[in-house]
Amino acid sequence: MKIVYFIIAYGPEFISNEVHEELGLRMRERGHEFVALTLTGRGSDQQRRAGLLRSESQNGVPIYKIVIGGDPRRAKLADAILHYNNFFTVLAGYKQFLHEYGRPDIMHVEAAYPLGAIAVLGTPTGGPAIIPNLQGADVLNYPQVDYGYGRWRLPRMLLRRTFARAALVRCNSALTRDLIVQEYGCAPAKAAVVLRNIGAWSYPPTDQPLADYKLAARARLEQQFPQLVGKRLILSISRLHPFKGIEYLLDAIARLSPGSSFSAEAGGVLPMLMIAGPGRSTAHFGDYGAYLRAYAERCGIAEQVIFSGEIQYTQSRDYLAAADAVAISSVVDALNKVALEAAAVATPVVLTTTTGAAELIAEHGCGLAVAPESGAALAAGLREVLSDRFDRLGLLTRGPAFAEQFRSVPIADQLLELYARALRERELRAYADRLCGLPARPELAGGEQRADLLYQQGTTADRAPNAGAAAAPAGAE
């Protein structure tokens, strides 16, 4: 297969690149062609007019880059109506890429909006099978926490069109699968759950026992933050955005502080909360980091909270291993890979039931799921995983074993199976159309109307003898 991986950012300069590159390398190892299509703002005016730049990753993956920027008036219009200022520029660059590259088999698109919508609008008849990969912000609609493209009318319309035209949709959790079926009319048969991979670096080193590594990671963190010595460390790693619900976690810490039942149970050990991640500003909350600092002051726990700022991807494993517990307080979260990374280093997780990973974490004994938007529920969950009642020793085996399924190799193989299914169904629907004497559709795997009922009912083979010159695809009979 010829696979194009269409993504906002791709390259060694991006901290999350490892997880995408590992998928591509596995696909190439399996004999498939894999190229990345991404965006860059680092082009000259001449390059911007040309539309595309080319380079390759350190592992030899070809990278095509659409140069964004240009006409500020057009960007302003796109931002006002489409809520993505580079929409028109990226659409033009996408069309240019297809013209230069030729016809891929698969267009793997990271995020149904805006890139998924751009791919649908820019792909001609007979183009690649489009497979949007859901992220969360692309489809969610949570205006109370300034989150999700689903808040706006035109993106919602384009999302419905994207799911109608997509060959299949890769959902990153059952939560997002159910959402797109219920809210955007996606055909249930199209929505396939394939969980996200975590990078090889997220797994503990193999040259020492995991318990020893965790102790060493804690010692290193205490050297950097001496105020952690003798304390219980609760860690939150995320970008500081209101949908993460971190104010509820601050409320939980106040409930676990001196004088609380937990404080007495823990022998007076003071809980410390570390909030690690880059700051964000939103319309209703302003600077969310500043909002959280003020909230901690009002709760009287400012001295128990460390705002570490953004940490490098290569540091996150040490932080997760060093913590006594990881807290994920999201109002909503499509999956949350931090929960999976914490399990890989055997650190218990308390997360909200509105987080996509919640059921998995709880089912495999790697933590507890609690009600969202509740400091009391978070405090109760943290109290439990920090107590002697929680089997932390067993987690040293249970957590890493659970996390093995999220390595890049098995996830890449699942994606390849999804791609192959999309191409098979595309071919079968084209065959069904020919049997019905219908002209070619703009997309052959869309399942919108026409011969789809024939295909779904399995009557294609029954009618094949009367099909005249219509040729059956391999495996159709």
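The values are calculated or read from the model by the stated rules, or taken from the named source; none is laboratory data. Everything numeric in this text was worked out from a predicted model, so none of it was measured. With ideal geometry, Cβ positions are generated from the backbone for all residues, glycine too; neighbour counts draw on all protein chains shown.
Each row is one residue, and each column tells you yes or no for (1) among the hydroxyl-bearing types (Ser, Thr, Tyr); (2) within 26 Å of His83 (Cα to Cα); (3) modelled with pLDDT under 95.
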site	(1), (2), (3)
Gly116	no, yes, no
Ile131	no, yes, no
Asp138	no, yes, no
Pro155	no, yes, no
Thr162	yes, yes, no
Thr176	yes, yes, no
Gly185	no, yes, no
Leu195	no, no, no
Leu210	no, no, no
**Prompt:** Within the bounds of the stretch 164-187, is there any residue that is touching a Phe, Trp or Tyr at 6+ places or on another chain (Cβ under 9 Å) and outside the structural domain of Tyr113 (by TED's automatic domain parsing)?
**Reply:** no
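In this structure, is Leu360 surrounded by fewer than 24 Cβ atoms within 10 Å (Cβ to Cβ), in contact with a helix residue (DSSP H, G or I) (Cβ under 6 Å, 6 or more places away or on another chain) and under 19 Å from Ala174 (Cα atoms)? It would help to see each step written out before you state the result.
Values: surrounded by fewer than 24 Cβ atoms within 10 Å (Cβ to Cβ): yes; in contact with a helix residue (DSSP H, G or I) (Cβ under 6 Å, 6 or more places away or on another chain): no; under 19 Å from Ala174 (Cα atoms): yes.
Answer is no for this residue.
Whether any residue in the stretch 101-120 is in contact with a Lys or Arg (Cβ under 6 Å, 6 or more places away or on another chain), crowded, with 16+ Cβ neighbours inside 10 Å and more than 24 Å from Gln414 (Cβ to Cβ) is what I want to check. Let's see the steps before the verdict.
Step one: of the stretch 101-120, the residues in contact with a Lys or Arg (Cβ under 6 Å, 6 or more places away or on another chain) are 104-105, 120.
Within this subset, residues satisfying the condition of being crowded, with 16+ Cβ neighbours inside 10 Å are 104-105, 120.
Checking which are more than 24 Å from Gln414 (Cβ to Cβ) leaves us with none.
The answer is no, given that none of the residues of the stretch 101-120 is in contact with a Lys or Arg (Cβ under 6 Å, 6 or more places away or on another chain), crowded, with 16+ Cβ neighbours inside 10 Å and more than 24 Å from Gln414 (Cβ to Cβ).
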**Item:** Among the residues listed as Ala451, Ala445, Ala471, the single one being surrounded by fewer than 19 Cβ atoms within 10 Å (Cβ to Cβ), among the aliphatic types (A, V, I, L, M) and either at pLDDT below 65 or not assigned by TED's automatic domain parsing to the domain that holds Tyr248 (or both)
**Value:** Ala471
**Asked** Out of the stretch 152-177, which residues are in contact with a strand residue (DSSP E or B) (Cβ under 9 Å, 6 or more places away or on another chain) and touching a residue at least 60 places away in the same chain (Cβ under 8 Å)?
**Response** Arg165, Ala166, Ala167, Leu168, Arg170, Asn172, Ser173, Ala174, Leu175, Thr176
**Complete:** Here the residues within the stretch 203-256 that are over 21 Å from Leu382 (Cβ atoms), in contact with a strand residue (DSSP E or B) (Cβ under 8 Å, 6 or more places away or on another chain) and aliphatic (A, V, I, L, M) are none
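Conditions (1) more than 26 Å from Val139 (Cα to Cα); (2) in contact with a helix residue (DSSP H, G or I) (Cβ under 7 Å, 6 or more places away or on another chain); (3) assigned by TED's automatic domain parsing to the domain that holds Leu168, marked per residue:
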residue: His20; (1), (2), (3): no, no, yes
residue: Ser55; (1), (2), (3): yes, no, yes
residue: Leu77; (1), (2), (3): no, no, yes
residue: Phe88; (1), (2), (3): no, yes, yes
residue: Glu100; (1), (2), (3): yes, no, yes
residue: Met107; (1), (2), (3): no, yes, yes
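Scan the stretch 34-51 and tell me whether some residue there is closer than 30 Å to Tyr203 by Cα, surrounded by fewer than 16 Cβ atoms within 10 Å (Cβ to Cβ) and of a type in the set (Phe, Trp, Tyr). Please lay out each step first, then the result.
Start the filter on the stretch 34-51 by keeping residues that are closer than 30 Å to Tyr203 by Cα, which leaves 34-39.
From what is left, the residues that are surrounded by fewer than 16 Cβ atoms within 10 Å (Cβ to Cβ) are none.
Taking every residue of the stretch 34-51 in turn, none turns out to be closer than 30 Å to Tyr203 by Cα, surrounded by fewer than 16 Cβ atoms within 10 Å (Cβ to Cβ) and of a type in the set (Phe, Trp, Tyr).
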**Asked** Listed residues Glu373, Glu384; which is part of a loop (DSSP other than H, G, I, E, B), closer than 24 Å to Arg255 by Cβ and not assigned by TED's automatic domain parsing to the domain that holds Val19?
**Response** Glu373
**Message:** Can you say whether Thr314 is touching a strand residue (DSSP E or B) at 6+ places or on another chain (Cβ under 7 Å) and not aliphatic (A, V, I, L, M), as far as the supplied structure shows?
**Reply:** no
**Asked** List the pairs whose first member sits in the stretch 112-141 and is assigned by TED's automatic domain parsing to the domain that holds Gln182 and touching a residue at least 40 places away in the same chain (Cβ under 8 Å), whose second member is among the charged types (D, E, K, R) and surrounded by 24 or more Cβ atoms within 10 Å (Cβ to Cβ), and whose Cβ atoms are under 9 Å apart, counting only residues at least 6 apart or on separate chains?
**Response** Ala112/Asp138; Tyr113/Asp138; Pro114/Asp138; Leu115/Asp138; Gly116/Asp138; Ile131/Arg170; Leu134/Arg170; Gly136/Asp333
**Message:** Of all residues being crowded, with 17+ Cβ neighbours inside 10 Å and of a type in the set (Ser, Thr, Tyr) in the stretch 166-215, which is farthest from the chain's Cα centre (by Cα)? Just the residue, please.
**Reply:** Tyr213
